[in-house]
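Heads up, the thing below is written out as structure tokens.
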Amino acid sequence: MPWDPAHDLLTMQERLESLFGRATPGWVPPVDLLERSDSYVLSVELPGLRREDVRIEGSNDTVVVSGQRPGPSCCPGRYHQLERGQGSFSRSFRFTHPISISKISAELIDGVLTVTIPKAEPASTRVDVR
């Protein structure tokens, strides 16, 4: 098997990070986070992934987007350059305004995942006096 310096460097980095307790995800997809008056909108670059490859989970004030892209083992041959992220990823977002978990919607179009996270309606502070 021919020597693959990129693979060796990635393996060495993973070993060093796990040695110091800082294991990192396989890759970190870029994200834009927009706040609107009634919602937050996450745009995540996930080229080549399908809906089945991505998970969106929400609880209280946090949304987590995670998934996995197959690594180079899926394609036999010798890589001359390896720059695309691979393996598992997880991005967590905490919001200062309460969010409505049950109303989150998402769509994956042309490699961009768009997650719309509605803000929760403010609780009424009005008390009826009888």
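Each reported figure results from applying straightforward, stated rules to the coordinates on display, with no laboratory input. Worth saying up front: this structure is predicted, and the values here are computed from it rather than measured. Virtual Cβ from ideal backbone geometry, glycine too; neighbours counted across all protein chains shown.
Here are some notes:
- Loop trypsin sites (Lys or Arg not before Pro), the stretch 49-116, which have at most 12 other Cβ atoms in a 10 Å radius of their Cβ (DSSP): 50, 78, 84
- For the stretch 26-118, the fraction of alpha-carbon pairs lying more than 19 Å apart is 43 percent, rounded to a whole number.
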